[in-house]
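S.K.: Got a structure for you, written out below as C-alpha cells; questions coming shortly.
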Amino acid sequence: MPFQPIAAHHFGTPGTSPYKTLSRFQSQRFVFVVRVSGDSLKVFQVIFSDSDGSIFVNLPYTSIKHGIVSEGSLPRNVPDAQVHLDQRGKVTSKLVKYAHHPDGRAHFSQAGKVRTEIARKSVPLKQARGHLFTLQVQGMTQFAKEKAPAPPPSRKRTVLTFDFPTYSPLALKFTGWWYHVRELAARTNPGPVGPTVITQKPNGVRQQSFLVGPLLGKPMADYALVVSCAARPFLSTSEPLLLNFIAGFGSASALDPLNDMSFLCASYPVSDHDSLAQRIGSIDLGEQDPKTNAA
C-alpha cells in the first residue's frame, strides 16, 4: 500500500452538523524550508520519535558555529525585561538539538558532541496545549539550500516550504503550537481543515501554517503540531546573522501569572566564545570545563 502523506481525523457523523475533518501531514521527520529570492533554504527540522512520541527540534543547517544554551526566566507583565543567559548557561561550538519527552523532560543535546547539561522539567506532552517553541532567525544566507525540487514526502522525511514570492523578509519567526487533534478541531469552523492553513494571531496578523504530526499508529498520533511562519523586522542591527530558540516552558502549575516564566534558550552567535567558555564553561564533549575542571 503506497504511503499516504496526509493523515485525516474525523469528528462527528457524515451528513450531520457539525462534522469536521482535520488533516495533517504525517512523517517521522519534517524539514522546514523557506523559499526566498528563488532559493529554497533549509531552516530546521521537527522529529517525532517512533518509540515514545518525544519531539525533537533540530537546528543543523545554520552556518553560525558558536552559541550559548541556557535556562532562563522572565518576570511576567514586565515590558522589556532582559534574560542574562550567562547566569545559568554554557557555551557551545556545536549545533544543538532540543528534546521534549512525553514526561516533560526538556533539554538540549547532540549525541557524541555535547553534554546534556542544560535541562529542566517542562509540561508532559499529553498535558501541554498551545505554545511549544519559538525560533527566530535573521539573515537567510546562514542556511543551506535544499535540493530542487524537494523529494516526495515519505514515512522517513517530508519537506514543507514557506514561500515568500514577492519579497525577502528581514527576519522570520517560526512558532510551534501543540494540541490534541480533538481540541484543534474544536477551534476551527465546521468542514475540512488542514493540512495547510492560515492562522491568525489575536492582533490580527495572519501567518502561513502547516499541521504536522507523527505517523498514524505511533505514539502521540492523536496530537498535531501547528508550525507557523511570519516575517519580522530586524532582530538586531549589530549582528547580520542571528538564530534564537526558546522552548521547555514551565510546568502547568507554573502558569500562575504571579510566577516568573521559565524556559530553555539557545542563542547563536556568541561573539566572546573563548572568554565566555573560560568563565561559565562549555557543554562540548572533549573540551575542558573550568566550572567542574573536567573534560
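S.K.: How far apart, in nm, are the 7 Å Cα→Cβ label points at Ser271 and His84?
M.R.: 2.0 nm
S.K.: From the residues Thr158, Phe234, Ala106, which one has its Cα farthest along the dipole of the chain in the positive direction, the dipole being from +1 and -1 charges on Cβ of Lys/Arg and Asp/Glu about the Cα centre?
M.R.: My answer, from the dipole projection, is Thr158.
S.K.: Same structure again: What pairs from Lys121/Lys156; Lys42/Lys97; Lys42/Lys156; Lys65/Lys145; Lys97/Lys121 go past 19 Å between their alpha carbons?
M.R.: With Cα atoms farther than 19 Å apart: Lys121/Lys156.
S.K.: Still on this structure, please answer the following. With the radius of gyration and the Kirkwood radius both derived from the Cα set of the chain, what is their ratio Rg to Rh?
M.R.: Using Cα coordinates only, the ratio equals 0.97.
S.K.: Within a Cβ distance under 15 Å of Ile55, other residues only, what is the Lys/Arg minus Asp/Glu net charge?
M.R.: Around Ile55, the charge tally is +3.
S.K.: Would you mind counting up the charge near Val159? Only other residues with Cβ under 10 Å from its Cβ, with Lys and Arg at +1 and Asp and Glu at -1.
M.R.: Computed value for this residue: +3.
S.K.: If you don't mind, another one. Calculated FRET efficiency, Arg157 and Glu183, Cβ-Cβ r, R0 22 Å, to nearest 0.05?
M.R.: My answer for the efficiency is 0.20.
S.K.: Please compute the length gained on full extension between Thr166 and Asp50, using 0.36 nm multiplied by the number of residues separating them and subtracting their Cα-Cα distance.
M.R.: Fully extending the segment from Thr166 to Asp50 adds 37.9 nm.
S.K.: How much length would be gained if the chain were fully extended between Arg232 and Asp103, taking 0.36 nm per residue of separation minus their Cα-Cα distance, in nm to one decimal?
M.R.: 43.1 nm
S.K.: Pull out the extension gain between Ser37 and Gln4, defined as 0.36 nm times the separation in residues minus the alpha carbon to alpha carbon distance; nm, one decimal.
M.R.: Working it through step by step, the gained length comes to 8.8 nm.
A short reminder: the numbers here are calculations on the coordinates, not readings from a lab. This one's a predicted model, so the numbers in the text were calculated from it and none came from an experiment. Heads up, the Cβs are rebuilt from the backbone with ideal geometry, glycines too, and the neighbour counts pull from every protein chain shown.
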